[in-house]
Amino acid sequence: MFPRQFDYVAPTSLDEALQALADNPNAKVMSGGMSLIPLMKLRLFSPQLVVDIGRIPGLDGISDDGDHIAVGALVRHAQTASDPLVAANAAALAQAAAWTGDAQVRNRGTTCGALAHADIAADQPAGALACGATMVARSASGSREIAAADFFVDTLTSALNDDEILVEVRLPKAGAGEGSAYDKLGRRGGHSDYAVAGAAAWVRKANGTVAEARVALTGVGSKPTLAPAVAAAIVGTDGSADAVVAAAEHALEGVTVLEDLYGSEEYKAHLAKVYARRALTSALDAV
Amino acid sequence: MEITLKVNRREVSADVEPRTLLVHLLRERLRLTGTHVGCETGYCGACTVHVNGTAVKSCTMLAVQADGADITTIEGLASNGDLHPVQEGFWERHGLQCGYCTPGMIMSAVALLDANSNPSEDEIRHGLEGNLCRCTGYHNIVRAVEYAGAKMRGEEPPPPDWEVSA
(Lines give C-alpha, C1' and ligand atoms only; values in the text may rest on other atoms or scores of the structure.)
Protein backbone atom coordinates (compact mmCIF):
# COMPACT_ATOMS: atom_id res chain seq x y z
CA MET A 1 0.00 0.00 0.00
CA PHE A 2 1.65 3.21 -1.11
CA PRO A 3 0.43 6.66 -2.17
CA ARG A 4 -0.50 7.77 -5.67
CA GLN A 5 2.37 9.48 -7.47
CA PHE A 6 3.17 12.98 -6.37
CA ASP A 7 5.90 15.55 -6.78
CA TYR A 8 8.06 16.30 -3.79
CA VAL A 9 10.15 19.25 -2.74
CA ALA A 10 12.12 19.69 0.48
CA PRO A 11 13.03 23.37 0.57
CA THR A 12 15.70 24.58 2.94
CA SER A 13 14.15 27.99 3.58
CA LEU A 14 10.70 29.06 4.70
CA ASP A 15 10.43 31.53 1.80
CA GLU A 16 11.01 28.75 -0.73
CA ALA A 17 8.37 26.59 0.94
CA LEU A 18 5.83 29.43 0.99
CA GLN A 19 6.52 30.18 -2.68
CA ALA A 20 6.01 26.51 -3.59
CA LEU A 21 2.62 26.64 -1.87
CA ALA A 22 1.72 29.93 -3.55
CA ASP A 23 2.61 28.48 -6.98
CA ASN A 24 0.81 25.15 -6.56
CA PRO A 25 -2.85 25.14 -5.52
CA ASN A 26 -2.79 21.34 -5.10
CA ALA A 27 0.20 21.29 -2.79
CA LYS A 28 0.21 20.04 0.80
CA VAL A 29 2.58 20.86 3.63
CA MET A 30 4.21 17.94 5.43
CA SER A 31 6.22 18.10 8.65
CA GLY A 32 6.39 14.74 10.45
CA GLY A 33 3.89 13.09 8.11
CA MET A 34 2.23 11.03 10.85
CA SER A 35 -1.26 12.10 9.73
CA LEU A 36 -0.60 12.92 6.07
CA ILE A 37 1.25 9.77 5.00
CA PRO A 38 -1.42 7.33 6.28
CA LEU A 39 -4.11 9.39 4.48
CA MET A 40 -2.05 9.31 1.29
CA LYS A 41 -1.43 5.56 1.60
CA LEU A 42 -5.14 4.92 1.99
CA ARG A 43 -5.57 7.25 -1.02
CA LEU A 44 -8.10 9.29 0.88
CA PHE A 45 -6.00 12.28 -0.05
CA SER A 46 -3.63 12.65 -3.03
CA PRO A 47 -1.87 16.00 -3.30
CA GLN A 48 0.00 16.76 -6.53
CA LEU A 49 2.90 18.23 -4.62
CA VAL A 50 4.17 17.54 -1.12
CA VAL A 51 6.13 20.41 0.38
CA ASP A 52 8.28 18.79 3.08
CA ILE A 53 9.19 21.53 5.57
CA GLY A 54 11.31 19.10 7.62
CA ARG A 55 14.62 20.45 6.35
CA ILE A 56 13.98 24.13 7.04
CA PRO A 57 16.35 25.30 9.78
CA GLY A 58 15.13 27.39 12.71
CA LEU A 59 11.65 25.88 13.08
CA ASP A 60 12.49 23.11 15.55
CA GLY A 61 12.86 25.09 18.75
CA ILE A 62 10.85 26.00 21.84
CA SER A 63 11.74 29.48 23.08
CA ASP A 64 10.85 32.00 25.75
CA ASP A 65 9.72 35.08 23.80
CA GLY A 66 8.91 37.40 26.69
CA ASP A 67 5.17 37.21 27.24
CA HIS A 68 4.77 33.83 25.54
CA ILE A 69 6.45 30.50 24.79
CA ALA A 70 6.92 29.86 21.07
CA VAL A 71 6.73 26.26 19.80
CA GLY A 72 8.13 26.02 16.28
CA ALA A 73 6.59 24.18 13.34
CA LEU A 74 9.02 21.25 13.55
CA VAL A 75 8.88 20.64 17.30
CA ARG A 76 7.96 16.99 17.71
CA HIS A 77 5.40 15.65 20.18
CA ALA A 78 8.15 14.06 22.28
CA GLN A 79 9.88 17.44 22.57
CA THR A 80 6.66 19.27 23.55
CA ALA A 81 5.94 16.52 26.09
CA SER A 82 9.31 16.81 27.84
CA ASP A 83 10.10 20.52 27.54
CA PRO A 84 10.33 22.33 30.90
CA LEU A 85 9.06 25.66 29.45
CA VAL A 86 5.92 24.00 28.07
CA ALA A 87 5.42 22.06 31.31
CA ALA A 88 5.69 25.22 33.41
CA ASN A 89 3.44 27.38 31.24
CA ALA A 90 1.06 25.07 29.41
CA ALA A 91 0.90 21.80 31.35
CA ALA A 92 -2.30 20.78 29.55
CA LEU A 93 -0.51 20.87 26.19
CA ALA A 94 2.53 19.03 27.56
CA GLN A 95 0.31 16.26 28.94
CA ALA A 96 -1.66 16.07 25.70
CA ALA A 97 1.60 15.74 23.74
CA ALA A 98 2.80 12.97 26.08
CA TRP A 99 -0.38 10.99 25.35
CA THR A 100 -0.38 11.58 21.59
CA GLY A 101 -0.04 8.42 19.48
CA ASP A 102 2.76 6.14 20.66
CA ALA A 103 6.52 6.46 21.12
CA GLN A 104 7.30 6.15 17.41
CA VAL A 105 4.62 8.67 16.45
CA ARG A 106 5.84 11.11 19.09
CA ASN A 107 9.36 10.83 17.64
CA ARG A 108 8.22 11.98 14.17
CA GLY A 109 4.93 13.87 14.45
CA THR A 110 4.91 17.57 15.29
CA THR A 111 2.74 19.60 17.63
CA CYS A 112 2.02 22.20 14.93
CA GLY A 113 1.22 19.41 12.47
CA ALA A 114 -1.29 17.87 14.88
CA LEU A 115 -2.91 21.27 15.40
CA ALA A 116 -3.07 22.01 11.67
CA HIS A 117 -4.53 18.56 10.99
CA ALA A 118 -7.41 19.44 13.37
CA ASP A 119 -8.43 15.85 14.02
CA ILE A 120 -11.57 15.60 16.16
CA ALA A 121 -9.94 12.90 18.31
CA ALA A 122 -6.47 14.42 18.67
CA ASP A 123 -5.18 15.48 22.08
CA GLN A 124 -3.20 18.65 21.56
CA PRO A 125 -5.96 20.83 20.04
CA ALA A 126 -7.83 20.69 23.35
CA GLY A 127 -4.63 21.63 25.19
CA ALA A 128 -4.04 24.57 22.86
CA LEU A 129 -7.63 25.76 23.27
CA ALA A 130 -7.55 25.58 27.05
CA CYS A 131 -4.17 27.28 27.30
CA GLY A 132 -5.34 30.16 25.10
CA ALA A 133 -2.75 29.52 22.40
CA THR A 134 -2.27 31.72 19.35
CA MET A 135 -1.38 30.23 15.97
CA VAL A 136 1.04 32.08 13.71
CA ALA A 137 0.30 31.43 10.02
CA ARG A 138 2.70 32.50 7.28
CA SER A 139 2.12 32.73 3.54
CA ALA A 140 4.14 34.26 0.73
CA SER A 141 2.07 37.41 1.17
CA GLY A 142 2.45 37.85 4.91
CA SER A 143 1.82 36.62 8.41
CA ARG A 144 -1.25 36.55 10.62
CA GLU A 145 -2.17 35.41 14.09
CA ILE A 146 -5.20 33.20 14.74
CA ALA A 147 -6.59 32.61 18.22
CA ALA A 148 -6.96 28.91 19.04
CA ALA A 149 -10.67 29.52 19.60
CA ASP A 150 -10.98 30.55 15.92
CA PHE A 151 -8.56 27.96 14.53
CA PHE A 152 -10.52 24.70 14.62
CA VAL A 153 -13.25 25.16 12.03
CA ASP A 154 -14.68 21.72 11.30
CA THR A 155 -13.72 18.05 10.96
CA LEU A 156 -10.08 17.97 9.78
CA THR A 157 -10.42 21.64 8.84
CA SER A 158 -8.44 24.46 10.38
CA ALA A 159 -8.56 28.18 9.62
CA LEU A 160 -5.30 27.87 7.63
CA ASN A 161 -5.51 28.74 3.94
CA ASP A 162 -3.97 26.33 1.43
CA ASP A 163 -0.96 28.62 0.92
CA GLU A 164 -0.26 29.05 4.63
CA ILE A 165 2.08 27.22 6.99
CA LEU A 166 1.51 27.10 10.74
CA VAL A 167 5.02 28.26 11.62
CA GLU A 168 4.58 28.62 15.36
CA VAL A 169 2.13 28.17 18.20
CA ARG A 170 2.37 30.75 20.98
CA LEU A 171 1.48 29.80 24.54
CA PRO A 172 0.82 32.59 27.04
CA LYS A 173 3.22 32.62 30.00
CA ALA A 174 1.58 31.28 33.13
CA GLY A 175 1.07 33.85 35.88
CA ALA A 176 0.30 33.58 39.56
CA GLY A 177 -2.68 31.42 40.49
CA GLU A 178 -2.86 29.65 37.13
CA GLY A 179 -2.96 25.94 36.41
CA SER A 180 -3.91 23.67 33.52
CA ALA A 181 -4.41 19.97 32.87
CA TYR A 182 -5.56 17.46 30.26
CA ASP A 183 -7.22 14.09 30.74
CA LYS A 184 -8.63 11.58 28.27
CA LEU A 185 -9.99 8.12 27.68
CA GLY A 186 -7.87 6.51 24.99
CA ARG A 187 -9.33 4.16 22.40
CA ARG A 188 -7.25 1.31 23.84
CA GLY A 189 -8.16 2.24 27.41
CA GLY A 190 -6.12 4.35 29.79
CA HIS A 191 -4.43 7.12 27.88
CA SER A 192 -3.29 5.09 24.86
CA ASP A 193 -4.14 5.96 21.29
CA TYR A 194 -6.52 8.66 20.02
CA ALA A 195 -9.03 10.06 22.49
CA VAL A 196 -12.49 8.51 22.61
CA ALA A 197 -13.11 11.73 24.49
CA GLY A 198 -11.02 14.08 26.58
CA ALA A 199 -10.89 17.53 28.07
CA ALA A 200 -8.34 20.19 28.85
CA ALA A 201 -8.86 22.88 31.45
CA TRP A 202 -7.09 26.07 32.42
CA VAL A 203 -7.93 28.17 35.47
CA ARG A 204 -6.75 31.34 37.19
CA LYS A 205 -7.55 31.78 40.84
CA ALA A 206 -7.36 35.05 42.72
CA ASN A 207 -8.15 35.56 46.42
CA GLY A 208 -9.50 32.04 46.75
CA THR A 209 -11.94 32.43 43.87
CA VAL A 210 -11.79 31.13 40.31
CA ALA A 211 -11.36 34.37 38.35
CA GLU A 212 -11.01 32.95 34.85
CA ALA A 213 -11.31 29.53 33.20
CA ARG A 214 -11.26 27.77 29.85
CA VAL A 215 -12.36 24.18 29.25
CA ALA A 216 -11.97 22.43 25.89
CA LEU A 217 -13.31 19.09 24.71
CA THR A 218 -11.92 16.65 22.18
CA GLY A 219 -13.44 13.54 20.63
CA VAL A 220 -16.97 14.62 21.42
CA GLY A 221 -18.27 16.45 18.37
CA SER A 222 -17.21 17.52 14.89
CA LYS A 223 -14.14 19.42 16.07
CA PRO A 224 -12.03 20.20 19.14
CA THR A 225 -14.06 22.88 20.85
CA LEU A 226 -14.31 25.12 23.88
CA ALA A 227 -17.07 24.32 26.36
CA PRO A 228 -17.86 27.90 27.42
CA ALA A 229 -20.70 27.03 29.78
CA VAL A 230 -18.39 24.95 32.00
CA ALA A 231 -15.95 27.84 32.26
CA ALA A 232 -18.75 30.30 32.99
CA ALA A 233 -20.13 28.02 35.72
CA ILE A 234 -16.81 27.57 37.56
CA VAL A 235 -15.85 31.27 37.49
CA GLY A 236 -16.84 33.02 40.69
CA THR A 237 -16.84 29.81 42.74
CA ASP A 238 -14.20 28.65 45.19
CA GLY A 239 -13.26 25.78 42.89
CA SER A 240 -14.39 23.18 45.42
CA ALA A 241 -15.17 19.61 44.40
CA ASP A 242 -18.89 20.39 44.48
CA ALA A 243 -18.44 23.46 42.30
CA VAL A 244 -16.44 21.43 39.78
CA VAL A 245 -19.08 18.70 39.62
CA ALA A 246 -21.81 21.32 39.09
CA ALA A 247 -19.81 23.15 36.41
CA ALA A 248 -18.99 19.97 34.49
CA GLU A 249 -22.71 19.28 34.12
CA HIS A 250 -22.72 22.18 31.60
CA ALA A 251 -20.18 20.45 29.30
CA LEU A 252 -22.62 19.90 26.46
CA GLU A 253 -24.12 23.38 26.28
CA GLY A 254 -23.34 24.79 22.86
CA VAL A 255 -21.43 21.61 21.94
CA THR A 256 -22.53 19.20 19.20
CA VAL A 257 -22.16 15.57 20.27
CA LEU A 258 -21.64 13.02 17.50
CA GLU A 259 -21.31 9.27 17.73
CA ASP A 260 -18.44 7.52 16.02
CA LEU A 261 -16.93 4.03 15.89
CA TYR A 262 -15.66 4.43 19.44
CA GLY A 263 -18.75 5.62 21.26
CA SER A 264 -22.45 6.34 20.98
CA GLU A 265 -23.82 9.84 21.37
CA GLU A 266 -25.00 8.96 24.86
CA TYR A 267 -21.60 7.60 25.89
CA LYS A 268 -19.72 10.58 24.43
CA ALA A 269 -22.07 12.95 26.26
CA HIS A 270 -21.33 11.12 29.48
CA LEU A 271 -17.56 11.16 28.87
CA ALA A 272 -17.61 14.90 28.09
CA LYS A 273 -18.92 15.62 31.58
CA VAL A 274 -16.60 13.11 33.27
CA TYR A 275 -13.49 14.47 31.57
CA ALA A 276 -14.50 18.12 31.99
CA ARG A 277 -14.72 17.37 35.71
CA ARG A 278 -11.41 15.49 35.84
CA ALA A 279 -9.51 18.11 33.83
CA LEU A 280 -10.92 20.97 35.92
CA THR A 281 -10.08 19.14 39.14
CA SER A 282 -6.48 18.55 38.02
CA ALA A 283 -6.10 22.13 36.76
CA LEU A 284 -7.29 23.50 40.11
CA ASP A 285 -4.94 21.11 41.93
CA ALA A 286 -2.08 22.45 39.80
CA VAL A 287 -2.64 26.08 40.87
CA MET B 1 15.12 11.16 -6.79
CA GLU B 2 18.64 10.23 -5.81
CA ILE B 3 19.13 9.78 -2.10
CA THR B 4 22.10 8.78 0.02
CA LEU B 5 21.78 7.41 3.51
CA LYS B 6 23.60 5.25 5.98
CA VAL B 7 22.01 1.90 6.73
CA ASN B 8 23.57 -0.28 9.42
CA ARG B 9 26.81 1.73 9.24
CA ARG B 10 27.08 1.32 5.47
CA GLU B 11 26.53 4.21 3.05
CA VAL B 12 23.99 3.43 0.34
CA SER B 13 22.53 5.41 -2.55
CA ALA B 14 19.28 4.76 -4.35
CA ASP B 15 17.09 6.34 -6.98
CA VAL B 16 13.55 6.35 -5.59
CA GLU B 17 10.15 7.75 -6.40
CA PRO B 18 8.89 10.32 -3.87
CA ARG B 19 6.15 7.85 -2.90
CA THR B 20 8.58 5.05 -2.04
CA LEU B 21 8.21 4.28 1.65
CA LEU B 22 11.33 3.78 3.73
CA VAL B 23 10.28 0.21 4.56
CA HIS B 24 10.08 -0.65 0.85
CA LEU B 25 13.51 0.83 0.21
CA LEU B 26 14.90 -1.31 3.02
CA ARG B 27 13.14 -4.53 2.08
CA GLU B 28 12.92 -4.50 -1.70
CA ARG B 29 15.95 -2.48 -2.77
CA LEU B 30 18.42 -3.17 0.01
CA ARG B 31 17.04 -6.68 0.68
CA LEU B 32 16.94 -6.05 4.41
CA THR B 33 13.81 -8.12 4.94
CA GLY B 34 14.15 -8.32 8.72
CA THR B 35 12.04 -5.17 8.92
CA HIS B 36 8.47 -6.37 8.51
CA VAL B 37 5.39 -4.80 6.94
CA GLY B 38 2.43 -5.48 9.19
CA CYS B 39 -0.67 -3.32 9.25
CA GLU B 40 0.49 -0.70 6.72
CA THR B 41 -1.52 1.94 8.54
CA GLY B 42 0.95 3.03 11.16
CA TYR B 43 -0.56 1.09 14.04
CA CYS B 44 1.34 -2.15 14.49
CA GLY B 45 4.99 -1.10 14.65
CA ALA B 46 6.36 -4.24 12.92
CA CYS B 47 8.26 -1.89 10.59
CA THR B 48 10.04 0.00 13.41
CA VAL B 49 13.63 1.02 12.66
CA HIS B 50 15.91 3.67 14.14
CA VAL B 51 16.35 6.92 12.23
CA ASN B 52 19.15 9.04 13.69
CA GLY B 53 18.85 7.06 16.91
CA THR B 54 15.10 7.28 17.48
CA ALA B 55 12.45 4.61 16.83
CA VAL B 56 10.16 5.38 13.90
CA LYS B 57 7.68 3.43 11.80
CA SER B 58 9.33 2.97 8.43
CA CYS B 59 5.96 2.36 6.70
CA THR B 60 4.96 5.90 7.61
CA MET B 61 8.06 7.65 6.39
CA LEU B 62 9.03 8.42 2.82
CA ALA B 63 12.43 7.19 1.70
CA VAL B 64 13.19 10.74 0.50
CA GLN B 65 12.65 11.99 4.06
CA ALA B 66 15.49 9.69 5.09
CA ASP B 67 17.96 11.28 2.65
CA GLY B 68 21.14 11.88 4.68
CA ALA B 69 19.83 9.96 7.69
CA ASP B 70 21.53 7.25 9.72
CA ILE B 71 19.30 4.15 9.80
CA THR B 72 19.63 1.06 11.95
CA THR B 73 17.50 -2.01 11.24
CA ILE B 74 17.23 -5.30 13.10
CA GLU B 75 20.08 -6.60 10.90
CA GLY B 76 22.37 -3.92 12.30
CA LEU B 77 21.96 -4.73 16.00
CA ALA B 78 24.22 -7.73 16.45
CA SER B 79 27.94 -7.10 16.28
CA ASN B 80 30.49 -9.71 15.22
CA GLY B 81 27.90 -12.43 15.63
CA ASP B 82 27.05 -11.46 19.21
CA LEU B 83 23.38 -10.77 19.74
CA HIS B 84 22.36 -7.40 21.14
CA PRO B 85 21.21 -7.84 24.78
CA VAL B 86 17.61 -7.22 23.71
CA GLN B 87 17.85 -9.94 21.05
CA GLU B 88 19.36 -12.22 23.66
CA GLY B 89 16.54 -11.32 26.06
CA PHE B 90 13.87 -12.31 23.53
CA TRP B 91 15.72 -15.60 23.03
CA GLU B 92 16.23 -16.34 26.73
CA ARG B 93 12.78 -15.29 27.94
CA HIS B 94 10.72 -16.65 25.05
CA GLY B 95 9.73 -13.16 23.94
CA LEU B 96 8.28 -14.35 20.64
CA GLN B 97 5.78 -16.83 19.35
CA CYS B 98 5.20 -16.41 15.61
CA GLY B 99 7.97 -13.81 15.39
CA TYR B 100 6.23 -11.38 13.06
CA CYS B 101 6.24 -8.43 15.44
CA THR B 102 9.66 -9.30 16.87
CA PRO B 103 11.97 -7.08 14.78
CA GLY B 104 9.83 -4.03 15.49
CA MET B 105 9.42 -4.95 19.15
CA ILE B 106 13.18 -5.32 19.52
CA MET B 107 13.92 -2.00 17.80
CA SER B 108 11.39 -0.23 20.06
CA ALA B 109 12.77 -1.97 23.13
CA VAL B 110 16.35 -0.96 22.27
CA ALA B 111 15.24 2.69 21.93
CA LEU B 112 13.31 2.41 25.19
CA LEU B 113 16.36 1.10 27.07
CA ASP B 114 18.63 3.70 25.45
CA ALA B 115 16.38 6.41 26.91
CA ASN B 116 15.71 4.74 30.26
CA SER B 117 18.21 2.14 31.40
CA ASN B 118 16.06 0.85 34.27
CA PRO B 119 12.39 1.03 33.28
CA SER B 120 9.59 -0.29 35.49
CA GLU B 121 7.22 -2.91 34.08
CA ASP B 122 4.67 -0.11 33.58
CA GLU B 123 7.20 2.00 31.68
CA ILE B 124 8.10 -0.97 29.46
CA ARG B 125 4.44 -1.63 28.64
CA HIS B 126 3.78 2.04 27.86
CA GLY B 127 7.04 2.35 25.95
CA LEU B 128 5.98 -0.50 23.65
CA GLU B 129 2.45 0.84 23.02
CA GLY B 130 3.33 1.44 19.39
CA ASN B 131 3.99 -2.26 18.78
CA LEU B 132 1.26 -4.87 18.54
CA CYS B 133 1.76 -8.61 19.06
CA ARG B 134 -1.14 -10.56 17.57
CA CYS B 135 -0.03 -13.68 19.42
CA THR B 136 -0.65 -11.51 22.53
CA GLY B 137 2.71 -12.56 23.87
CA TYR B 138 3.22 -9.32 25.75
CA HIS B 139 4.00 -10.93 29.11
CA ASN B 140 7.19 -12.59 27.94
CA ILE B 141 8.11 -9.58 25.79
CA VAL B 142 8.15 -7.48 28.97
CA ARG B 143 10.28 -10.16 30.67
CA ALA B 144 12.66 -10.13 27.69
CA VAL B 145 13.10 -6.36 28.00
CA GLU B 146 13.67 -6.69 31.76
CA TYR B 147 16.33 -9.33 31.04
CA ALA B 148 18.02 -7.05 28.52
CA GLY B 149 17.86 -4.03 30.81
CA ALA B 150 19.59 -5.99 33.59
CA LYS B 151 22.28 -7.25 31.19
CA MET B 152 22.91 -3.75 29.85
CA ARG B 153 23.27 -2.41 33.41
CA GLY B 154 25.77 -5.20 34.16
CA GLU B 155 23.37 -6.91 36.57
CA GLU B 156 22.21 -10.49 36.84
CA PRO B 157 18.85 -10.80 35.00
CA PRO B 158 15.85 -11.86 37.08
CA PRO B 159 15.17 -15.63 36.82
CA PRO B 160 12.62 -16.73 34.20
CA ASP B 161 9.02 -17.01 35.37
CA TRP B 162 9.06 -20.78 34.83
CA GLU B 163 11.83 -21.21 37.40
CA VAL B 164 10.06 -19.13 40.03
CA SER B 165 7.69 -21.21 42.15
CA ALA B 166 4.23 -19.76 42.55
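Per-residue ellipticity at 222 nm from helix content only, as computed over chain A with -39500 (n - 2.57) for each DSSP H run of at least four residues, stands at -9000 deg cm²/dmol. Other residues with beta-carbon under 15 Å from the beta-carbon of A:F2 carry, at +1 per Lys or Arg and -1 per Asp or Glu, a net charge of +4.
Within 10 Å of each candidate Cβ there may be at most 10 other Cβ atoms; applying that plus a DSSP loop requirement, which trypsin sites (Lys or Arg not before Pro) in region B:19-97 survive? Answer in residue order: B:R31. Rounded to the nearest 10 degrees, what's the angle between the helix B:102-115 long axis and the longest principal axis of chain B, both from Cα atoms, 0 to 90? So the inclination is approximately 80 degrees. Note on chain A: GNM, Cα springs under 10 Å; of A:T80, A:T209, A:T225, the largest mean-square fluctuation is that of A:T209.
Of the beta bridges in region A:1-105, as assigned by DSSP with both residues counted there, near 30 percent are antiparallel. Among the chymotrypsin sites (Phe, Trp or Tyr not before Pro) found in region A:1-93, those both in a DSSP coil and sparsely packed, with 16 or fewer other Cβ atoms within 10 Å of their Cβ, are A:F45.
Can you tell me which aspartates and glutamates have their Cα less than 15 Å from the Cα of A:K268? Leave out same-chain residues fewer than eight positions away. Excluding near neighbours in sequence, the set is A:D183, A:E249, A:E253, A:E259, A:D260. Restricting the GluC sites (Glu not before Pro) of region A:258-287 to loop positions (DSSP other than H, G, I, E, B) with no more than 13 neighbouring Cβ atoms within 10 Å leaves A:E259. Quick check: Cα centre of region B:5-50 to Cα centre of region A:151-182, how many Å? Each part's Cα centre sits 34 Å from the other's.
Atom-type composition of the exposed protein surface of the protein assembly as shown places 48 percent of the accessible area on carbon and sulfur (1.4 angstrom probe). For region A:7-51, the relative contact order comes to 54 percent (Cα pairs under 8 Å, sequence separation of at least 6). Dipole check for chain A: with +1 at the C-beta of Lys and Arg, -1 at the C-beta of Asp and Glu, and the Cα centre as origin, the magnitude is about 560 Debye. For the protein assembly as shown, the gyration tensor built on C-alpha atoms gives an oblate shape. Its axis ratio a/c (a ≥ b ≥ c) is at least 1.5, and a/b is not larger than b/c.
Counting heavy atoms of the protein chains alone, B:T4 has an accessible area of about 50 Å² for a 1.4 Å probe. A cut-off under 13 angstrom between Cβ atoms defines the neighbours of B:D122, and their net charge, with Lys, Arg +1 and Asp, Glu -1, is -3. Between A:G177 and any residue 5 or more places off or on another chain, the built amide H atoms are never under 5 Å apart. Computed over neighbours whose Cβ is under 13 Å from that of A:L271, the net charge equals +1, Lys and Arg +1, Asp and Glu -1.
Per-residue ellipticity at 222 nm computed for chain B from its helices equals -8000 deg cm²/dmol, with DSSP H segments shorter than 4 residues left out and the rest contributing -39,500 (n - 2.57). Per residue, the accessible area of region B:85-155 comes to 45 Å² when a 1.4 Å probe rolls over the protein heavy atoms.
Of the cross-linked pairs A:K273/B:K57; A:K223/B:K57; A:K41/A:K184; A:K184/B:K151; A:K173/A:K273; A:K173/A:K223, those separated by over 31 Å at the C-alpha level are A:K273/B:K57; A:K184/B:K151. Take the accessible area of B alone and of A alone, subtract that of the pair with a 1.4 Å probe, and the total buried over both chains is about 2400 Å².
Here the spin labels are modelled as points 7 Å beyond Cα on the Cα-Cβ line, and at B:R31 and A:R4 they lie 3.6 nm apart. Panel note: contact residues of region B:107-131 (accessible area lowered by at least 40 Å² against the chain on its own; 1.4 Å probe) correspond to B:E129.
The values are calculated or read from the model by the stated rules, or taken from the named source; none is laboratory data. As the structure is a prediction and not an experimental result, all values here were calculated from the model. Reconstructed Cβ throughout: ideal geometry from the backbone, glycine too, with neighbour counts over all protein chains shown. Accessible surface areas use protein heavy atoms only, side chains included; no ligands, DNA or RNA. Shrake-Rupley method; radii C 1.70, N 1.55, O 1.52, S 1.80 Å.
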